[in-house]
Each structure stands twice: as structure tokens, then as C-alpha cells.
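Asks: If you scroll down you'll find the structure; I have some questions about it.
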Amino acid sequence: MKKVLMVFALVAIIATGTAFADHPDGFGIGVEGAYGTTWGSWGGYSNAALTLKFAGVPIYLGIGADITVSSSEIGFGLMVYGDYYFIDMPIVSNILHWYLGAGVQATLGFGASGAGAGIKVGVLGRLPIGLSLQIPVSSVTLEFYLAAIPNIGVTVIPFHFPAGGIGGAAGFRLWF
């Protein structure tokens, strides 16, 4: 775990000195769908989230629900996450961007069957890496994005370490 934290710290130090955040200013709101696999289990999870970005606050927020289907459990959960983009640079003009960030996600799950029955509470570290297409239209900017999100963490109730896996997300945001 110390090595993972050191990698996050190193990325933060390097990125803040060599790159800049370039997402639109102002308020952003959107929706996101995601799918991912978890380590050590067959199957995975899918979720849908409302995404928010408030003007003057450098954190991208997500609030959503997920469904888990694996060889050992079927369940439903709620999650909230916050990501900070260390790198957000244009690739093509000011329309296509790539980004790299770090964040934290908290989950509350309700297992319905098998080994996953009962309540689960977890905390994950996230590393979103993605592409963002930003199209200015009138007084708003439309953003479409794709991201890979490796994550690692711990399930606190019941205790399980490491928890996590790799996920992918696609979303849409309006910037005002």
C-alpha cells in the first residue's frame, strides 16, 4: 500500500510542475455509465452516476448506484467519488483533451446472495485516465468522455484487502 501511495504522490509532484488543468471553467453537470471487473472474482459491476463540477472547486464529483454480479455475489450499492485532474491537456486544438487524475471513492453495498450477502462498506483510491471531447455551442460547452479507472482499496465491513479492480466509464457533461 505504501508503494501505491508513493506512486500517487510522484504523479502529483511531476504533473503539477509540467501540466495544467484545461477543462472548462464554471459549473458542469452530467451523467456517466461505467463497467468494471473486480480482482479475484468472475463478473463485475456496472453503475450509473450523476457527475458534478462546481466553479472554483478543483474536484470532479460523482454520485451513483451500482449493481454487482460475480461468481460469489449479487448486490446493489451506492457510491460517491471525487477526482482531481493533475494533467488535463489538449491533443487536438482545444477540442480533444487527455487527462490523468487521482481520487477517492466510498461505497456502501447490499449483497443479496452467496458469500456477498449482507452490508459492505469500502474505500478505494482511483486513477482516472481518459479522453475528453469538448464542443463549444453558444454559451455552453458539451463534453463527451471515455476513461479507464484502475482502483485499489479496502472493504472495511467485512474487512477485505486488497479490494478493487479496473473499470471503464463513458459520460456526457454540460458546462455553463
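Each reported figure results from applying straightforward, stated rules to the coordinates on display, with no laboratory input. None of the values given here were measured: they were computed from a predicted structure. Cβ sites come from the backbone with ideal geometry, for glycine too, and all protein chains shown count toward neighbours.
Asks: Within segment 80-107, find all residues whose amide N lies under 15 Å from a label point positioned 7 Å from the Cα of Val31 along Cα-to-beta-carbon.
Replies: none
Asks: Between Val156 and Ile67, what's the calculated FRET efficiency when r is the beta-carbon distance and R0 is 30 Å? Round to 0.05. Please list the in-between numbers first.
Replies: Working: r = 21 Å, r/R0 = 0.69.
Using R0 = 30 Å, I get an efficiency of 0.90.
Asks: How far apart, in nm, are two points set 7 Å out from the Cα along the Cα-to-Cβ line at Ala48 and at Ala148?
Replies: 2.7
Asks: Calculate, for Val104 and Ser139, the FRET efficiency according to 1/(1 + (r/R0)^6) with r their C-beta to C-beta distance and R0 41 Å; round to the nearest 0.05.
Replies: Numbers: r = 33 Å, r/R0 = 0.80.
Calculated transfer efficiency: 0.80.
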